[in-house]
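The values are calculated or read from the model by the stated rules, or taken from the named source; none is laboratory data. Quick caveat, the model's predicted, so the values are computed rather than measured. Ideal geometry is used to build each Cβ from the backbone, glycine not excepted, and the neighbour counts take in all protein chains shown. Quick note on the areas: whole protein, heavy atoms, side chains included, nothing else; ligands and nucleic acids left out. Shrake-Rupley method; radii C 1.70, N 1.55, O 1.52, S 1.80 Å.
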Amino acid sequence: MPSKDEGNPVIAWFGDAFGALHPQLQELHRHGGTLEGEVTLRLGKGLAGLIGQRLARQLGLSENAGTHRLRVDIHHDAGTLHWNRCFDGTHWLKSSFSPYGTWPDGHWTETTGPVRMALRVDVLEGGWHWRVCGMRIGGIPIPLWLMPRSTAYKTIKDGKYRFEVGFAFPRLEEVLGYGGLLLATSPPRYPGS
């Protein structure tokens with residue numbers, strides 16, 4: 001009988017390091033699930049704010065800074081991790097993550113609309129921290145000196161899932177970011193169930 005972990009791209013990519021993730025992150029990525037809660041959407045000021053609003057529009061996010069309700073549906077198929085985020089029940093941001101190589105030298109490629117980012121992973125105190133190491137927009141590679149600085153991680157705080165995502169372009173403050181605490185609202189599920 002095959003293991004329930006067989007075909008799980010997250011477990012296969014991390015290998016033995018999967019056990020270094022917080023147990024709640026392990027369960028979430030082993031079985032999938034839905035997380036919900038309030039997050040704060042941040043937009044920069046001045047030019048950074050204009051860029052942030054445009055980026056939010058292109059990603060399908062609200063263009064209004066402040067508190068928003070976020071739902072994240074997480075699941076995987078045989079080779080891809082899927083994160084479907086819904087802000088305020090109306091604005092969808094869907095991403096697929098494809099693994100390349102294995103941890104610690106491999107990376108994931110996140111595809112969100114026309115944007116593809118190569119992301120390495122650091123595991124710090126049980127949390128999953130992304131590091132952008134490459135980017136393409138519409139198939140065009142973005143030079144390293146033009147790539148945005150990013151903050152992106154998921155950790156566990158007091159039994160809740162803590163998310164933080166933020167982008168800042170060279171010589172500008174943060175243009176767009178969101179973060180908050182989310183609770184699991186559905187039990188873990190196996191793919192196909």
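Listing for the model above:
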{"item": "Carbon + sulfur, % of accessible area of the chain - ligands and nucleic acids excluded, 1.4 Å", "result": "55"}
{"item": "Gain on full stretching of the segment that runs from Asp122 to Gln58 - 0.36 nm per residue minus C-alpha separation", "result": "20.2 nm"}
{"item": "Reciprocal of mean inverse Cα separation for region 59-127 (Kirkwood radius, Å)", "result": "13.6"}
{"item": "Hull shadow area, averaged, region 91-170 [alpha-carbon convex hull, nm²]", "result": "6.4"}
{"item": "Cys133 accessible area, 1.4 Å probe, all protein chains in place, Å² to nearest 10", "result": "60"}
{"item": "Trp145, Trp83, reordered so the largest accessible area comes first (probe 1.4 Å)", "result": "Trp145, Trp83"}
{"item": "Pairs of lysine residues in the chain - Cα separation under 26 Å, sequence separation of 8 or more or cross-chain", "result": "7"}
{"item": "For region 1-62 and region 86-127, distance of Cα centres in Å", "result": "7"}
{"item": "Length-normalised contact order of the chain in % [C-alpha pairs under 8 Å, at least 6 apart]", "result": "24"}
{"item": "P(r) weight above 26 Å for region 1-132, C-alpha pairs, percent", "result": "29"}
{"item": "Cut-off 13 Å between beta-carbons: net charge of the residues surrounding Leu182, Lys and Arg +1, Asp and Glu -1", "result": "+2"}
{"item": "Neighbourhood charge, 13 Å Cβ-Cβ cut-off, centred on Arg69 and excluding it, Lys, Arg +1 and Asp, Glu -1", "result": "-1"}
{"item": "Accessible area per residue, Å², the chain with all protein chains present, probe 1.4 Å", "result": "52"}
{"item": "Accessible-area value, Asp73, 1.4 Å probe, nucleic acids and ligands omitted, Å²", "result": "20"}
